[in-house]
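> What follows is a structure written as structure tokens; I'll ask about it next.
The values are calculated or read from the model by the stated rules, or taken from the named source; none is laboratory data. Fair warning: this is a prediction, and the values are worked out from it, not measured in the lab. Glycine also receives a Cβ, built like all others from the backbone with ideal geometry; neighbour counts cover every protein chain displayed.
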Amino acid sequence: MKEIRRTVDDHLPKWLHSKFLTAIDYIWQVKDKGKEETLKRVDSVWASGQFTDEEMSWLMLMLIIPKAHLMIKNSDDWREFQAMKKASVH
């Protein structure tokens, strides 16, 4: 994979650089084809040697954002926050 430097990369946190988003897109494209295919893509990205251990952890964290979002929305703390927010708006 040839690294292409994007101008926007100079203005974003490192974990949002195009290099990471490209890898996430590559993995995300097969999310509906099953866990096995997704894991193959994750292994492929890791085997590319383009990412350090820390960078791979960033990739994995970004891939779980939708699940984490659902977990948060279904939590009691979130419901309490929403109720408090509605009560404080005039």
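> Among residues belonging to segment 28-46 that are in contact with a helix residue (DSSP H, G or I) (Cβ under 9 Å, 6 or more places away or on another chain) and among the aliphatic types (A, V, I, L, M), point out the one that is nearest to P66 (Cα to Cα). Break it down stepwise before answering.
Step one: of segment 28-46, the residues in contact with a helix residue (DSSP H, G or I) (Cβ under 9 Å, 6 or more places away or on another chain) are 28-31, 37-38, 41-42, 44-46.
Now narrow it down to the ones that are among the aliphatic types (A, V, I, L, M): 30, 42, 45.
Details: V30: 15, V42: 17, V45: 20 Å.
Restricting to residues being in contact with a helix residue (DSSP H, G or I) (Cβ under 9 Å, 6 or more places away or on another chain) and among the aliphatic types (A, V, I, L, M), the top hit is V30.
> Another one. Residues in segment 32-54 that are among the charged types (D, E, K, R) and surrounded by 15 or more Cβ atoms within 10 Å (Cβ to Cβ): how many? Walk me through how you get there before you give the answer.
First, pick out the residues of segment 32-54 that are among the charged types (D, E, K, R): 32-33, 35-37, 40-41, 43, 53-54.
Among the residues that remain, those that are also surrounded by 15 or more Cβ atoms within 10 Å (Cβ to Cβ) are: 41.
So the answer is 1.
> Tell me which residues, restricted to segment 49-66, are in contact (Cβ under 8 Å) with a residue 24 or more places away in the chain and either among the β-branched types (V, I, T) or part of a loop (DSSP other than H, G, I, E, B) (or both).
Those that are in contact (Cβ under 8 Å) with a residue 24 or more places away in the chain and either among the β-branched types (V, I, T) or part of a loop (DSSP other than H, G, I, E, B) (or both): Q50, F51.
> Out of the residues in segment 1-27 meeting the condition of being modelled with pLDDT of 95 or more and touching a helix residue (DSSP H, G or I) at 6+ places or on another chain (Cβ under 9 Å), tell me which one is surrounded by the fewest Cβ atoms within 10 Å (Cβ to Cβ).
Residues of segment 1-27 that are modelled with pLDDT of 95 or more, as a first pass: 23-27.
From the residues that got through so far, the ones that are touching a helix residue (DSSP H, G or I) at 6+ places or on another chain (Cβ under 9 Å) too are 23-24, 26-27.
On the way: A23: 25, I24: 17, Y26: 15, I27: 20.
The residue in question is Y26.
> Answer yes or no: is there a residue in segment 67-89 that is part of a helix (DSSP H, G or I), within 11 Å of the chain's Cα centre (by Cα) and either surrounded by fewer than 10 Cβ atoms within 10 Å (Cβ to Cβ) or of a type in the set (K, R) (or both).
Among the residues of segment 67-89, at least one is part of a helix (DSSP H, G or I), within 11 Å of the chain's Cα centre (by Cα) and either surrounded by fewer than 10 Cβ atoms within 10 Å (Cβ to Cβ) or of a type in the set (K, R) (or both), which makes the answer yes.
> Going through segment 34-90 one residue at a time, which ones are of a type in the set (K, R) and at pLDDT 95 or above? Explain how you work it out, then say what you get.
Looking only at segment 34-90, we keep the residues that are of a type in the set (K, R), and these are 35, 40-41, 67, 73, 79, 85-86.
The answer is K40, R41.
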